[in-house]
Amino acid sequence: MRWIVLLSTALVMMGCTVKPTLSQPMAQFRLGEVGLMPVFAQRFSYVLQVRPVAGNVDSTKLVYQTPEGLRRAYAHHQWEKPLSRQMQHLVVLALAQSEMFEDVTSTTSKVRPQRVLENSVSAFEQYLLQDSTSVVRLHVRTRVVDVAENTSVAHRVFRIEIPVLVQTPTGALEAYNRAFEAWVRELTLWLGEPDAS
């Protein structure tokens, strides 16, 4: 017993006690909801299902690409949920708000759709430029599929590029939100065209 007391005293005197770890907490970001969408006079009498977004957006890492083409993740900032889940949820909300379709559902709904909206993202990240500025690029290939015929009705590639005004993770988030909203607005207008429906 005496040895335990002596050893404990020696460790305390040497400074080997447990110390609190000081680390920066992880900040979590999420995409903002898209502002009010235009309500279309023309209404399509079918249910549109929005499939989960495909591509390299299944991670919670907040990624940027250096001018040399290297992909890196911010150490203390990340997405609250993977971008793919956030994007699907917000696209469903925006298209439902447009009142363009009989109904708009996600893949969790039991409603049987007549058309499916597939989105494949090839880029949705911050790109650092040589002049110490950056942009957020969003490139999406979209396809509308007729479920009964199992055929592609229409497809389009969207390319959005938004400058990051303040070169911080929070500034990047603001650019992400503007890029996403610009894409959803273009997507909604395109879906309202006769060729896409």
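Quick look at the numbers
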read-out: In order through the range 155-168: 3J(HN,Hα) via Karplus (6.51 cos²θ - 1.76 cosθ + 1.60), integer Hz, x for Gly, Pro; value: 8, 7, 9, 9, 10, 10, 9, 10, x, 8, 7, 10, 7, 9
read-out: Percent RCO, i.e. relative contact order, over the chain, from Cα pairs under 8 Å lying at least 6 residues apart; value: 21 percent
read-out: Which labelled figure in [x] 64, 53, 25; [y] 86, 47, 29; [z] 67, 46, 29 is Cα extents along the principal axes in Å, once derived from the coordinates; value: [y]
read-out: Solvent-accessible heavy-atom area per residue, rounded to whole Å², over the chain at 1.4 Å; value: 59 Å²
read-out: Rounded if a/c under 1.5, otherwise prolate or oblate - the range 100-139, Cα gyration tensor axes; value: prolate
read-out: For peptides 98-108, 175-185, 152-162, sequence by mean Cβ density within 10 Å, most packed first; value: 175-185, 98-108, 152-162
read-out: Span-rule helices in the chain, defined as complete DSSP H runs reaching 27 Å or more along the axis (Cα) with Kyte mean at least -1.0; value: 169-191
read-out: Under 14 Å, Cβ to Cβ, from ARG71 - net charge with Lys/Arg +1 and Asp/Glu -1; value: +1
read-out: Accessible surface of the range 96-147 [probe 1.4 Å, protein heavy atoms]: carbon and sulfur percent; value: 45 percent
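The values are calculated or read from the model by the stated rules, or taken from the named source; none is laboratory data. These numbers were taken from a predicted model, which means no experiment stands behind them. A quick note on method: Cβ atoms are made from the backbone with ideal geometry, for glycine too, and the neighbour counts reach across all protein chains shown. Only protein heavy atoms, including side chains, enter the accessible area calculation; ligands, DNA and RNA are left aside. Shrake-Rupley method; radii C 1.70, N 1.55, O 1.52, S 1.80 Å.
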